[in-house]
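None of the figures in this text is laboratory data; all of them are computed from the coordinates on show. What you are looking at is a predicted structure, and each value in this text was computed from that prediction instead of being measured. Heads up, the Cβs are rebuilt from the backbone with ideal geometry, glycines too, and the neighbour counts pull from every protein chain shown.
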Amino acid sequence: MSTQSETIFIFGASGHAKVVIDLVEREGRYAIGGLFDDNQALWGQEIFGYQVLGGQEALNKHEIVLLIAIGDNATRHRLSTVFQRQGFSFAQATHPSASISRGVTIGQGSVVMAGVVINADTNIGEHVIINTSASVDHDCVVGETAHIAPGVHLCGGVRIGERTLAGAGSTVIPNIRVGCDVVIGAGATVVENVPDHVLVAGTPARIVKRI
């Protein structure tokens, strides 16, 4: 006997939303009821057959579950805070090709993309993006609204702060602490702890500037 999937709505209608739509469809836990985006130029358009229904003012919190498909960490953080205060609830979606080990927790609003590996006893916070083919090893902690970009490797025991971006192809060696609101440049190798609000780049990674 078939069961009806829960309907969710996606906030965001850009390139990142296309990946999220595909993820949700492949996982099969949810039906997508439509998209929302604050860009008025997108209203009424369709992406992969789903209509952009309007912006924030068009949302109805009654019986609506959201998934925020916004790649920018600061914007995703701001929207998640606003929507949570307004009483919305959030979905969590994981691509069926991802490998999720025992003891892993993944917060509401987070998305785990194709080819990801998350190993034992790792804690992924709320509204986090674990992007295509990234690996997060055992006992890591990834803070709220962080983004682990495609091809990133976090070794065991790493802690990533809130709203931090680990750029594509970067590596963080075991037991490193990376602060909040940090940008790790693409391809960087992080070998020592990183404070809050800095951009680091290179191999080994060094602080380039405060942000």
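Results, tabulated for the structure shown:
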read-out	value
Rounded D (µm²/s) - the stretch 44-97, Kirkwood Rh over Cα pairs, Stokes-Einstein at 10 °C, 1.306 mPa s	125 µm²/s
Note, ³J(HN,Hα) from phi for the stretch 70-83, Karplus 6.51, -1.76, 1.60, rounded to Hz, x at Gly and Pro	10, x, 5, 4, 5, 5, 4, 5, 4, 5, 4, 5, 4, 5
Environment charge at Asp37 (Cβ cut-off 15 Å; Lys +1, Arg +1, Asp -1, Glu -1)	-1
Among Arg163, Arg76, Arg29, residue whose mean-square fluctuation peaks in a GNM of the chain (springs only between Cα atoms under 10 Å)	Arg29
J(HN,Hα) series, the stretch 27-42, from Karplus relation 6.51 cos²θ - 1.76 cosθ + 1.60, nearest Hz, glycine and proline x	5, x, 7, 10, 9, 8, x, x, 10, 10, 7, 7, 7, 4, 5, 8
Cα-only Debye scattering, the chain: base-10 log of I(q)/I(0) at q = 0.10 Å⁻¹	-0.42
For the stretch 6-12, 3J(HN,Hα) per residue [Karplus equation, 6.51 cos²θ - 1.76 cosθ + 1.60, θ = phi - 60°, Hz, x = Gly/Pro]	5, 8, 10, 10, 9, 9, x
Diffusion constant of the stretch 115-211 at 4 °C, which comes from Stokes-Einstein with the Kirkwood Cα-pair radius and 1.567 mPa s, µm²/s	104 µm²/s
Exposed GluC sites (Glu not before Pro) absent: longest stretch of the chain, with sites in DSSP loops and at most 13 other Cβ within 10 Å deemed exposed	64-191
Net +/- balance of residues flanking Gly107 in space, Cβ distance below 9 Å, scoring K and R +1, D and E -1	-2
Counting all C-alpha pairs of the stretch 6-91, share separated by more than 22 Å (%)	17 percent
